[in-house]
Amino acid sequence: MGKQDGPGREPNAYERVLAEDRRVVREMFRVSIGGAHAGFVITVFIVVLFAAIGGTVWALIVGGAVAF
């Protein structure tokens, strides 16, 4: 009896843990994509607000700080 290779074999403990870790990371990134868009919209709104109230210099300062 040799080792069974291919799609029909049962994964070992290391492969099961690795698959679970990958699933958790995929789920984390799936949830955070919507939050990233909301954060971007809020940031643009704040930079535009600073540009309207304080002028272009303040908008560049705040935009640079956010980019950093």
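The values are calculated or read from the model by the stated rules, or taken from the named source; none is laboratory data. In this text, all values refer to a predicted model and were calculated from it rather than measured experimentally. Neighbour counts are summed over all protein chains in view; Cβ atoms, including those assigned to glycine, are modelled from backbone coordinates with ideal geometry. Accessible surface areas use protein heavy atoms only, side chains included; no ligands, DNA or RNA. Shrake-Rupley method; radii C 1.70, N 1.55, O 1.52, S 1.80 Å.
Confirm whether Val24 is modelled with pLDDT of 80 or more and open to solvent by less than 70 Å² (accessible area, probe 1.4 Å). Show your work before the answer.
On the way: modelled with pLDDT of 80 or more: yes; open to solvent by less than 70 Å² (accessible area, probe 1.4 Å): no.
In short, no.
Going by the structure shown, is Val62 in contact with a Gly (Cβ under 9 Å, 6 or more places away or on another chain), of a type in the set (A, V, I, L, M) and at pLDDT below 85?
So Val62 passes the test.
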